[in-house]
Amino acid sequence: MRLTFAVLRGDRRGRVAAALGAVATAGGVLLVLWLLTVPGALDARESRAAWRSAVRGEGGGPVTVATTRDEFGGRSVERFDVTSSSEDVPVAAGIPRRPRPGEVLLSPALADLVRNVPAERLGRRFPGEVVGELGGPALRFPDELVAIVGHPVGAVQGTARRDLVGAPAPGGVDGGTRSLLTGVGLVVLVVPCLVLVASAGRLTEARRARRLAALRVAGATPGQALRSVAVETAVGALPGSVLGALLAVPASRVAAAVPWGGGTWFPADFVPDPVVAGVVAALAAVLLVGAAVLGHRRELSRPPAPPADRRATARRLVFALAAAGVFGAAVVATDVLGPRYQVVAVSAGVGGVVLALVFVGPLVTGLVGRVVLRTRRGPLTLLVGRRLATRPVASFRASAGVLVAVFTGALALTAVPALEEQVRFDDGTWRPGAVLAHGVERVDVVRESAGVAVVPMTTVLVRSGGRSHTAVVGRCAEVATVLSGLVCASGPAVYAPYPLDGALQVADRRDRSTVDLAPDVPVRAYGGSSLVVVDPEVAPSPAARPDTVAVATTPENRDVLRTSLARALPGVALTDRGATDSIGSTLLGDVRRAVLIGLVIAALLGAAGASVSAVGSVLDRGRTFAALVATGTPTRLLRRALWAEVLLPVGAVTLAACGAGVAVGVGLLSATPGLPAGGHPLPTPWLAAPVVAGFAVALVGAAAGGSALRRVDSTGHHGE
């Protein structure tokens with residue numbers, strides 16, 4: 001230890017390397033801890049909302065709950081209408097008590113809106129006196145809009161439950177698309193983080209190897225030399241690990257500010273468990289020290305000699321083939337594995353592919369070097385080709401983070417467009433401003449209590465030529481006020497947006513009764529919608545029992561009329577273009593935001609890793625560059641050689657990374673639940689974007705190396 005600290009006191013570059021290693025380690029530990037908390041944060045959200053769903057197999061109970069998803073100002077509002085025949089009903093944490101008839105509980109954000117918005121636009125949707133507010137343990141996120149409204153027994157039709165406690169869904173939160181994409185995202189971001197930390201640890205590898213050789217010549221034993229390496233690495237690794245773990249708590253507020261699912265997060269969701277933070281910090285330090293010791297152990301086991309070049313052999317291809325097989329097996333096995341094991345299997349497969357790319361990269365770099373030596377002549381070719389061909393492992397380090405960033409971008413641009421196509425937006429069937437309520441029991445009660453003019457309809461099926469078509473039974477003149485493109489004519493008729501061949505039959509969905517229409521019923525064509533409209537005179541039986549009401553609104557009175565309907569129809573969902581598009585926009589925004597954050601992090605890590613590796617290459621070859629300068633080699637030529645050493649391998653590996661990203665993206669789509677078969681996207685010109693971004697990241701690293709070269713003087717040291 002005394003020897004190591006004495007060396008660091010007299011070695012400015014060693015101190016800089018230790019400081020950069022500490023910063024890189026802190027950043028790596030912080031990012032890993034943040035990534036590890038993401039699945040737990042999602043689980044915590046759903047655990048707090050467990051009271052909203054009945055426990056599987058719960059059966060009946062004294063509590064009846066009707067769940068309604070409403071909307072106000074583009075924000076989702078979850079409303080729970082509750083009745084109970086028992087006074088003593090257990091409730092979840094965060095719920096003060098079960099609201100009695102005429103009482104309302106609101107979340108803090110919804111309570112603020114109710115106080116500040118005119119009652120006819122929002123507050124009257126929740127009839128009763130506000131007797132309390134929901135606490136954080138009952139909300140998914142701080143600004144969520146939630147209401148629990150108490151009603152007399154029998155006033156609400158819903159699900160019978162024993163309590164308002166519930167239980168988290170088995171298998172964690174959403175074992176489908178979201179968990180799968182989260183697991184893949186963790187993998188593709190952890191790998192470039194490890195690359196950055198490893199690059200910082202090797203910042204002065206060659207210089208350290210020369211010092212160890214000098215120690216051996218001076219009589220030091222291999223054990224003493226290894227302990228010197230361990231202490232020197234620990235000087236940066238230990239403080240960096242501790243700093244990264246300590247920064248996890250304040251950094252949780254930054255992560256909590258990222259919107260997801262319609263709101264932000266509670267900062268506690270991203271605070272790692274102290275035990276986990278300690279284990280990650282300790283593992284990071286141990287791995288860095290262990291990697292440094294193992295890296296020099298082979299050199300110290302031989303007689304003192306200059307450090308040997310590490311060559312890349314074709315055996316690395318075996319690892320790549322094995323990784324591809326693991327990923328293929330994981331994709332195929334998703335059909336037989338449970339949701340949680342699907343995420344583990346596919347994430348492990350993606351991680352194997354990323355590691356395989358990093359493992360095969362030096363092989364490609366060495367091949368590029370040999371091609372350069374054989375195809376061109378001159379000092380630049382000699383400098384670049386010899387470096388790439390004889391030191392492929394060291395030369396590839398600047399490209400490792402770039403490769404992972406390109407792979408991540410290609411994967412995202414392949415998978416995300418197909419996922420975005422599954423986000424549901426309004427299809428334009430109903431006119432803008434039309435608000436619909438399905439599952440209505442008494443239309444006359446709605447007219448009386450809501451006090452608005454409503455359009456009654458019955459949702460049915462029209463069968464024609466062996467096919468069934470979604471239809472509504474209602475007066476054409478009234479339905480036309482809410483249905484897009486419908487133009488009425490005199491006399492009872494059937495209006496269809498497409499030809500109807502053969503005899504027509506109307507089937508009631510509720511009791512499956514059917515009515516055969518007369519052969520001479522006129523069928524009139526119209527455009528703009530996908531619904532068949534049947535006049536009530538043509539099918540009087542279904543028309544006598546309407547189950548759907550619609551109201552035509554304007555932007556000025558939309559909230560007022562929605563409030564009237566919500567008050568009159570507790571437990572009945574209201575839909576319109578604004579609410580449907582709001583849900584779609586939220587989901588689409590989440591997907592794009594997550595992808596953007598991931599790509600930015602991957603690019604920053606790649607740029608940092610490339611810069612550190614390029615600077616380390618200059619530091620390790622300081623004496624060589626100084627000797628070349630002393631013999632008359634232009635500094636401009638050396639700078640061009642450094643740029644070529646970074647950019648040429650990048651040009652080769654990015655194409656392979658882009659192809660691998662496309663292949664893995666297609667495989668992920670086939671393993672993602674809910675996507676239709678054959679929905680794999682075709683390659684688009686946008687796939688060139690990750691390659692361009694990869695070169696941009698590589699340019700950052702090359703510029704960092706060129707900047708470091710300017711400070712090398714004729715002695716091989718950096719100028720002060």
Revision key, fill the gap. Quick calc: nm separation of the 7 Å Cα→Cβ label points for residue 294 and residue 420 -> 4.2
Review point. Can you put 613, 513 in order of accessible area, largest first, using a 1.4 Å probe?
Key: 513, 613
**Study point:** the chain: mean projected area of Cα convex hull, nm²
**Key:** 39.6
Practice item. Using R₀ = 60 Å, calculate the FRET efficiency as 1/(1 + (r/R₀)^6) where r is the Cβ-Cβ separation of residue 316 and residue 160; round to 0.05. Key: 0.45
**Study point:** Size of the range 499-654 as Cα extents on the principal axes (Å, biggest first)
**Key:** 103, 43, 30
Review point. If you plug each phi of the range 236-246 into the Karplus form 6.51 cos²θ - 1.76 cosθ + 1.60 with θ = phi - 60°, what whole-Hz ³J(HN,Hα) values come out, in order, with x for Gly and Pro?
Key: x, 5, 5, x, x, 5, 5, 4, x, 5, 5
Check your understanding: What cysteines in the chain have no other cysteine with a beta carbon less than 4.7 Å from their beta carbon?
Key -> 193, 658
Point to revise | Calculated from backbone phi, Karplus (6.51, -1.76, 1.60) coupling profile of the range 633-640 in Hz, x at Gly/Pro | key: 5, x, 4, 4, 5, 5, 5, 5
Point to revise | Carbon and sulfur %, accessible surface of the chain computed with the full protein complex present, 1.4 Å | key: 62
Review point. Per residue, how much accessible area does the chain have with a 1.4 Å probe, in Å²?
Key: 46
Exercise for review: Mind checking the full-extension length gain between residue 119 and residue 585? Use 0.36 nm per residue of separation minus the Cα-Cα distance, one decimal, nm.
Suggested key: 165.1 nm
Practice item. Mind listing the long-range amide H neighbours of residue 161? Cut-off is under 5 Å, sequence gap 5 or more, other chains count too, H placed in the peptide plane at 1.01 Å from N. Key: 61, 63, 64, 65
Study note, to complete from the structure: Rg/Rh of the range 54-131 (Cα atoms, Kirkwood Rh), to two decimals, equals 0.99
Check your understanding: Which value, in Å² rounded to 10, gives the accessible area of residue 556 with a 1.4 Å probe and all protein chains present?
Key -> 150
Check your understanding: When you count, for each residue, the other Cβ atoms within 10 Å and take the mean per peptide, how do 637-644, 660-667, 523-530, 269-276 rank with the highest first?
Key -> 660-667, 637-644, 269-276, 523-530
Exercise for review: Output the Cα-based Rg and Dmax of the range 89-151 in Å, rounding Rg to one decimal and Dmax to a whole number.
Suggested key: 11.2, 34
Check your understanding: Sorted by packing (mean other beta-carbon atoms within 10 Å per residue), highest first, where do 18-25, 153-160, 382-389 land?
Key -> 18-25, 382-389, 153-160
Review point. Quick one: if you stick a label point 7 Å off each Cα along the C-beta vector at residue 554 and residue 85, how many nm between them?
Key: 4.9
Point to revise | Distance in nm between pseudo-label sites at residue 393 and residue 67 (7 Å out along the Cβ direction from Cα) | key: 5.5
Review point. What does the charge add up to near residue 40, with Lys and Arg as +1, Asp and Glu as -1, over the other residues with Cβ less than 9 Å from its Cβ?
Key: -3
Check your understanding: Ignoring ligands and nucleic acids, what accessible area does residue 87 show with a 1.4 Å probe (Å², nearest 10)?
Key -> 140
**Study point:** Calculated from backbone phi, Karplus (6.51, -1.76, 1.60) coupling profile of the range 281-286 in Hz, x at Gly/Pro
**Key:** 4, 5, 5, 4, 5, 5
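The values are calculated or read from the model by the stated rules, or taken from the named source; none is laboratory data. The structure presented is a predicted model; accordingly, all values stated were derived computationally and were not measured. Note that we place each Cβ from the backbone using ideal geometry, even for glycine, and neighbour counts take in every protein chain shown. Note: accessible area is taken over every heavy atom of the protein model, side chains too, but ligands, DNA and RNA are not part of it. Shrake-Rupley method; radii C 1.70, N 1.55, O 1.52, S 1.80 Å.
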